[in-house]
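Asks: Please see the structure below; I have some questions.
Since every read-out is calculated from the coordinates, none of them should be taken as a lab result. As the structure is a prediction and not an experimental result, all values here were calculated from the model. Note: ideal-geometry Cβ built from the backbone for every residue, glycine included; neighbour counts use all protein chains shown.
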Amino acid sequence: MKLLVACLTAGLLASGCEQMQPMLAEAGYTHDLGEFEVERIGFVREMPGLGDGFDGGGYLKLELASAHQLPVGYPTYWIGVASDYCPLVDDHKLISFGEFDNGGGGFWDRSSSQPIEKSEDGAYRYTIYVVRAYPPPGKTHDDYGTPQSGPNAQSEYDIIIDENDLCLQVFGGDHYNVFARSSVISVKHEAIRAAAIEARLIEAP
């Protein structure tokens, strides 16, 4: 019975069912990774160090601050970032990557990582990169082998053109279950548009 409940819990969390999280947390199945404040956003051409291969459209870089340090062990043996247009329903609607540790630890193996050090002002700072558009300009789904239909389909999107607010969430767990999540991080489209104008990706009206 306990195994069944754990499996159902993992499925609900992985599907992004936010309304279930308070109840599940009360039952001891989730861990709160805290709140993140967006300090600044801007578009960059490249995403240093992570080598994702989604070149061509640029990335929305979110610089975050938190009062809490993200652990490199329990409950985040692996860690990632969920991203979707608001409200957050699909963890993987958009493609995002996070820098949540020092030492080059990968998404699936953080054994060589060290936690982010506290800044002089007492905050811990992290970075998230959201792939601006999928597929990137000049590319197709075939270039990445991504399905266009079915449960593992990758949606086509452009966070500048689509004019939607972004919702993101830091999450983690082990290889099989998601059982640690932060509060939802939201970014208004007006701020995204202003950053795109500053980066000269679009023209000011």
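Asks: At 0.36 nm per residue, and after removing the present C-alpha to C-alpha distance, how many nm does the segment from Asp121 to Val89 gain when stretched out fully?
Replies: 8.1 nm
Asks: May I pose another question? Can you report the principal axis dimensions of the stretch 58-107 using only the alpha carbons, biggest first, rounded to whole angstrom?
Replies: For the stretch 58-107, the Cα spread along each principal axis is 29, 24, 23 Å.
Asks: Once you put a point 7 Å from the Cα of Asn102 and another 7 Å from the Cα of Ala67, both along the Cβ direction, what distance in nm separates them?
Replies: The modelled label-to-label distance comes out at 2.4 nm.
Asks: Through the Karplus equation 6.51 cos²θ - 1.76 cosθ + 1.60, θ set to phi - 60°, convert the phi angles of the stretch 60-73 into ³J(HN,Hα) values in whole Hz; use x for Gly and Pro.
Replies: 8, 9, 10, 9, 10, 10, 9, 7, 10, 8, 6, x, 9, x
Asks: Can you divide the C-alpha Rg of the stretch 112-205 by 2.2 N^0.38 Å and report the result to two decimal places?
Replies: Numbers: Rg = 17.2 Å, N = 94, 2.2 N^0.38 = 12.4 Å.
It is 1.39.
Asks: In nm, give the distance between the simple-model label positions of Thr146 and Arg200, each being 7 Å from the Cα along the Cα-to-Cβ direction.
Replies: 2.8 nm
Asks: For Asp165 and Gln114, what is the calculated FRET efficiency with R₀ set at 35 Å and r taken between the beta-carbons, to the nearest 0.05?
Replies: 0.55
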